[in-house]
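The values are calculated or read from the model by the stated rules, or taken from the named source; none is laboratory data. Because the structure is a prediction, the values reported are computed rather than measured. Cβ placement follows ideal geometry from the backbone for every residue including glycine, while neighbour counts extend to all protein chains displayed.
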Protein chains: 2
Amino acid sequence: MLIKPSMLEDYARGAAFLGSGGGGDPYYSFLLAQAASEKCGDFELMPVDELPDEALVAPCGWIGAPTVSVEKLPNGKETVAGLKRLETVMGRKIDAVMPIEIGGGNGLAPLVAAAELGIPIIDADGMGRAFPESQMTILNIKGLYACPSVLTAACGATTVIETDDNHTHERIARSLSVALGGIAHMVEYPLTGAQVKTHAITGSVSAAIAIGRAVSHARKDGQDPFLALGEALEKTSQYPHCKTIFDGKICDLQRETSGGFSVGTATIKALERNSIMRVQFQNENLIALEDGKLKAVVPDIITIMDRESADTITTERLKYGQRVKVVAAAAPTMLRAQDALKFVGPRAFGLNFDFHALEELSSSEPL
Amino acid sequence: MLIKPSMLEDYARGAAFLGSGGGGDPYYSFLLAQAASEKCGDFELMPVDELPDEALVAPCGWIGAPTVSVEKLPNGKETVAGLKRLETVMGRKIDAVMPIEIGGGNGLAPLVAAAELGIPIIDADGMGRAFPESQMTILNIKGLYACPSVLTAACGATTVIETDDNHTHERIARSLSVALGGIAHMVEYPLTGAQVKTHAITGSVSAAIAIGRAVSHARKDGQDPFLALGEALEKTSQYPHCKTIFDGKICDLQRETSGGFSVGTATIKALERNSIMRVQFQNENLIALEDGKLKAVVPDIITIMDRESADTITTERLKYGQRVKVVAAAAPTMLRAQDALKFVGPRAFGLNFDFHALEELSSSEPL
């Protein structure tokens, strides 16, 4: 399948939704991909089953605080520089790239390198959404190694990390992202084709495109984009449940850049009821509470969207006064398994309760 | 010349003095070198003029807060692992090692690898003393590149840094040292033999051994070790001036581990006069003020020593109540040049005045 330049906007829209508020600003990744497509034409999206088992696949994306990413722009050469450096470390060519996380700008991050190096992007990713920390990828959950990894920064600095402990890797990489100005490009978890097939979240790139396309079409046709979003999600194999869990106005916002993350809470007041939702985030939205009651929690996807246009508002774009709907979607099954929840469930974020699936939470009253 | 195991104690003693209070605890480096010598025998100390111009020389040492280094011990394999990794990055064998700074434990840091790899240690270093930051080496002042550099940590993690900006390199390396637990081994500023001859501080290893030996002999013979220290320094070509600038008891100590450094101030009360000296440090002692008047300032060496034994007390070993003498020595001429003072003079440490040479400061009254 080809990703034509005309499809990039839908791709960015779908990735933005799947980012659960994070994964970096999709607009910049869209612009970079668009610029690349002007030079190189279409992008090749390779289904996982066409990937040779012995291929070398490089997952990549940006690490840092999304709040920084919208002010400190990339130089555009980080991705290719990182991939080239990984090739020298591994002593072989990279055959394909893949988003480390489909969510947000990172869902489109590998496109630039794919175009410039003339290699395909694999229809899969390492998170099925976006998560704030590197070891939250399904690849770590399944026991694969993050290293060798390569960080590259806008200043031209390159760093190669080698450790067999993926938590240490995250600590090193996070600290580097701060030293490099708050944001850096990272190539990590180099995989064989066989590992992609067994352990990655497959089909997520084409799912993002389909979701984005459904919302765009609905808007063009004057139909309810939220309805279209729900229907599109239900058609994917990865995200079969979706619910609008709140409708209101942002009445308070606490957000700071701390330890290399954007952390904070958005408080949303219902428009025509006496009710408050609090959405807490660490780069990504982690938990949504309505009047103290749980409505959705990580790893399920929680995305705050403009209530008219259904444009995703990533955490770094949240502002006082925005009229929003909060939409939640079930995470891919692999992320809800017990082995995964240790890494990506509420307790992994310091929240003191167990995961509850979106579709089992009782708030069935329509909002 | 051979460095025999019996000379290691003098070497450590001399390096400790030249550390200006920093460079890491010399005792641990001494123990590691002693353990290495038990396996490998003598160490080969190569004078700079025997070094082939095209040789590859790897300066190395530890980066981090000395306060951490005395609690978090190395695993002993960091140095060799770092050198081996640099060899793969550079695609050739390392011919010799050299201390990045002669001062403190770092003066002895390359011995382990020299013994294990069977290569000589060069009689030179990159600082002529110890400094807290990587870009304060004479090699940076002379326009050489810190990268490629390799950091290795006790946990086994390895990081390769590549940037052509030496200040960025310091920022990255410092941040990594914190992420790796507060201390890491670093191989940096890989040099050709020709560069060592032109730009390094030469003769500093043999100077450290001679200084340490003089103090040891004086103590053994029941003579004044401070007198012996001064005479030994005057015989070197690098450190021709020396002065005991204070004699007293530590009556206050402020010290914290911050941003990867040990920073603080020691306040010393004169024993038989009504006078106070304040010594301010950032890993190394930077400035000594007696009743507010300047007595010595970086890059000149300021070392606090036990007033009986003339053992150097590094900044991490300072304690309330210690009876001490503060001894200052002129820095090597290269460090006092205008091009160097920009990087290692008082203003480089945020102190708002110009450098004044120790021998020009007027406090000629004997203490």
Practice task
Could you check, for the stretch B:48-66, whether at least one of its residues is free of Cβ contacts under 8 Å to residues at least 40 places away in the same chain and more than 29 Å from B:D306 (Cβ to Cβ)?
Solution key: yes
Problem - So A:T198, is it more than 24 Å from A:T152 (Cα to Cα) and touching a residue at least 24 places away in the same chain (Cβ under 8 Å) - result: yes
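Which residue, of B:C155, B:C147, is modelled with pLDDT of 95 or more, assigned by TED's automatic domain parsing to the domain that holds B:L18 and over 13 Å from the mean Cα position of the chain (by Cα)? Walk me through it before giving the result.
On the way: B:C155 fails: modelled with pLDDT of 95 or more.
B:C147 is the lone residue from the list that is modelled with pLDDT of 95 or more, assigned by TED's automatic domain parsing to the domain that holds B:L18 and over 13 Å from the mean Cα position of the chain (by Cα).
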Completion exercise
The residue that is nearest to the chain's Cα centre (by Cα), considering only those in the stretch B:180-193 that are within 14 Å of another protein chain (Cβ to nearest Cβ) and surrounded by fewer than 24 Cβ atoms within 10 Å (Cβ to Cβ), is B:G182
Exercise for the section: Kindly indicate whether B:G259 is within 14 Å of another protein chain (Cβ to nearest Cβ) and farther than 29 Å from B:K142 by Cβ. Expected result: no
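Looking at A:Q238, is it in a loop (DSSP other than H, G, I, E, B) and either polar (S, T, N, Q) or more than 19 Å from A:E290 (Cα to Cα) (or both)? Can you show your working first?
Numbers: in a loop (DSSP other than H, G, I, E, B): yes; either polar (S, T, N, Q) or more than 19 Å from A:E290 (Cα to Cα) (or both): yes.
So A:Q238 fits the description; yes.
If you check B:A228, B:A208, which single one turns out to be under 25 Å from B:R307 (Cα atoms), of a type in the set (A, V, I, L, M, F, W, C) and surrounded by fewer than 24 Cβ atoms within 10 Å (Cβ to Cβ)?
Working: B:A208 fails: surrounded by fewer than 24 Cβ atoms within 10 Å (Cβ to Cβ).
Every option except B:A228 fails the conditions.
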Handout entry: Considering residues of the stretch B:231-285 that are exposed (fewer than 15 other Cβ atoms within 10 Å of the Cβ) and among the small types (G, A, S) only, the residue nearest to B:D123 (Cα to Cα)
Key = B:S237
Problem - Residue among B:D10, B:D53, B:D49 that is outside any helix (DSSP H, G or I) and at pLDDT 95 or above - result: B:D53
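Residue-wise test of (1) over 13 Å from the mean Cα position of the chain (by Cα); (2) within 16 Å of B:Q195 (Cα to Cα); (3) not in a loop (DSSP other than H, G, I, E, B).
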{"residue": "B:G82", "(1), (2), (3)": "yes, no, yes"}
{"residue": "B:E87", "(1), (2), (3)": "yes, no, yes"}
{"residue": "B:V97", "(1), (2), (3)": "yes, yes, yes"}
{"residue": "B:I102", "(1), (2), (3)": "no, no, no"}
{"residue": "B:G105", "(1), (2), (3)": "no, no, yes"}
{"residue": "B:A115", "(1), (2), (3)": "yes, no, yes"}
Practice task
For the stretch A:166-178, indicate whether the set of residues that are assigned to a loop (DSSP other than H, G, I, E, B), more than 21 Å from the chain's Cα centre (by Cα) and within 8 Å of another protein chain (Cβ to nearest Cβ) is non-empty.
Solution key: no
Practice task
State whether one or more residues within the stretch B:123-140 are of a type outside the set (S, T, Y), within 14 Å of another protein chain (Cβ to nearest Cβ) and in contact with a Pro (Cβ under 9 Å, 6 or more places away or on another chain).
Solution key: no
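Table: residues versus (1) within 14 Å of another protein chain (Cβ to nearest Cβ); (2) assigned to a helix (DSSP H, G or I); (3) of a type in the set (G, A, S).
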site	(1), (2), (3)
A:I119	no, no, no
A:G156	yes, no, yes
A:V160	yes, no, no
A:Q195	no, yes, no
A:G212	no, yes, yes
A:L227	no, yes, no
Handout entry: Flag if B:A15 is among the aliphatic types (A, V, I, L, M) and crowded, with 24+ Cβ neighbours inside 10 Å
Key = yes
Handout entry: Breaking point among (1) out of contact with any Leu (no Cβ under 9 Å at 6 or more places or on another chain); (2) hydroxyl-bearing (S, T, Y); (3) assigned to a loop (DSSP other than H, G, I, E, B), for B:Y320
Key = (1)
